[in-house]
1. May I ask you to list the residues in region 149-208 that are of a type in the set (A, V, I, L, M), in contact with a helix residue (DSSP H, G or I) (Cβ under 7 Å, 6 or more places away or on another chain) and within 19 Å of Ser110 (Cβ to Cβ)?
2. Tell me, which strands (runs of 3 or more DSSP E) wholly within region 149-197 include 2 or more residues that are among the hydroxyl-bearing types (Ser, Thr, Tyr)?
3. Inspect region 265-279 for any residue being assigned to a loop (DSSP other than H, G, I, E, B), within 30 Å of Lys369 (Cα to Cα) and touching a residue at least 60 places away in the same chain (Cβ under 8 Å) and give the result as yes or no.
4. Looking at region 404-424, I want the residues that are over 14 Å from Trp251 (Cβ atoms) and have a partner that is open to solvent by 30 Å² or more (accessible area, probe 1.4 Å) and hydroxyl-bearing (Ser, Thr, Tyr) with Cβ atoms under 9 Å, at least 6 apart or on another chain. Which pairs are those?
5. Name the residues in region 102-113 that are open to solvent by 30 Å² or more (accessible area, probe 1.4 Å) and β-branched (Val, Ile, Thr), would you?
6. Among the strands (runs of 3 or more DSSP E) lying completely within region 79-128, list those that include at least 2 residues that are among the acidic types (Asp, Glu).
7. Applying the selection to region 267-316, what residues are of a type in the set (Phe, Trp, Tyr) and open to solvent by 70 Å² or more (accessible area, probe 1.4 Å)?
8. Out of all the residues in region 214-245, which are modelled with pLDDT of 90 or more and either in a strand (DSSP E or B) or of a type in the set (Ser, Thr, Tyr) (or both)?
Amino acid sequence: KLLVEDGEYTITASASNTFIAAFGSSNNFGFHQGYGIQAVTLDGGSVATPTTPPPTAAPVPTNPPTTLAPFNAPTNPPGAETLQLSGDLQGSTLSYQFTFDDPNTGGKDSITVTYTAPVTAWVGVGASTSGLMLGSDAVIGIPSTGQVKKYSLSSKSLDGVSLMSDEKQTLVNTAITQANGMTTLTYTKILVEDGEVPINRVGDNLFIAALGSSNTLGFHAVRGSFSLSGKVIERDNSLWVAHGIIAYIAWGIACPMAILAGLFRKYIPGAGMWYEIHRGLQSFVLLLTIISVAIAIAALNKETPSNLSASHFSPDFADGHRTIGLVVLIFAIFQIGGGVLRPHLPESSAGNDDDDKGDSSEEKSTARKVWEVLHRLFGVGLLILSWIQIDLGIFWYHEIFDNGNTQPTSSIFYTVVGIFGFLILMGVALRVVKG
């Protein structure tokens, strides 16, 4: 073959060239049985003058065919399903085929995936339990090295894209190729492997995909999620908006006001009015927290295919936001319960047990003193934890629905938190100064 020909790839002597090879399963041209990619360095040298062999008579077929059927080369293996992806992954296609008791994977069930994207860059695709990057597994093809490997995704940064250990690199029939501005990733993977997101051979599966901007692995230029039924995962944000607003009202406004009512009780007119405000607001906080968590559970159930776990309170998603939410709910119940079952103040001269609403001149019991300290410390700690939780929620909401643009939501939240934080610190300082 000529090294340089119009409209074809150039082969360079005395340099590295990338070659691909494939072999079929029969003498008739069809889908390949195996294929691969290899860097080859060609040594330059003299070329011998070609010789022309003597002509030989063409053999006469004993039963020549009268017509030849036209050949159409298959683009996918027989029985493969092909998805035309849309949304952010517009122009990409993914074909997949399940093989039961696959001899190429040691007799285990497998899936063969061919993902083609309209870029000249690295590409990645893999199974997910949530449609998010975090907590998912990915197979990434890197054209600059020709490697196709499995990675675990533990954070948004490149440091969180971790190459799995050698014993987990069980892929077969891997390839990463480029032609005509398209990049194609192909691999065969075992469906169920220890420590990895399982792929169900019956029922739907969530997948994620990402495209880079160069042939070297780096931050993605495009990403998306879809199911193997062909549905692009477009998350409805209405429930998440309600979840966030209700949680913010509870812990960004009502809870700080309840704490301030206790700190500035002497400035609130009416006997015991501060206590009524404090108790009412904290009960309202607990109610809103329960509603907020219930909405989040409903949103996750709505987004998760029926055959997959929604992982409602898993620490592996959104920097632990789901787990922190459960902790806040449990601690809020504990804090409210502690207030209801508190050791009461000594009976007042009127002999009624509502002295939490005022001040008693009698000595408080040791249990009461301990309870007051713990109740206040636990309450402030819970408020701080809830503010961290809201901050995480703002980040991940905008990461999923607004390309990471947290403004102006974050600025509003930080302003309100700053004001309430300052007032709480001032109230504590006044109580310390006045003893």
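1. Val172, Ile190
2. Per the criteria, 172-179, 182-190.
3. Yes.
4. Cβ pairs passing all conditions: Thr406/Tyr397; Thr409/Tyr397.
5. Thr112
6. Correct list: 93-102.
7. Selection gives Tyr267, Phe284, Phe313.
8. Matches in region 214-245: Ser214, Thr216, Ser238.
The values are calculated or read from the model by the stated rules, or taken from the named source; none is laboratory data. This structure is a prediction, so every number in the text was calculated from the model and none was measured. Glycine gets a Cβ as well: all are built from the backbone with ideal geometry, and neighbour counts include every protein chain shown. When the accessible area is computed, the model is the full protein with side chains, heavy atoms only, and any ligands, DNA or RNA have been set aside. Shrake-Rupley method; radii C 1.70, N 1.55, O 1.52, S 1.80 Å.
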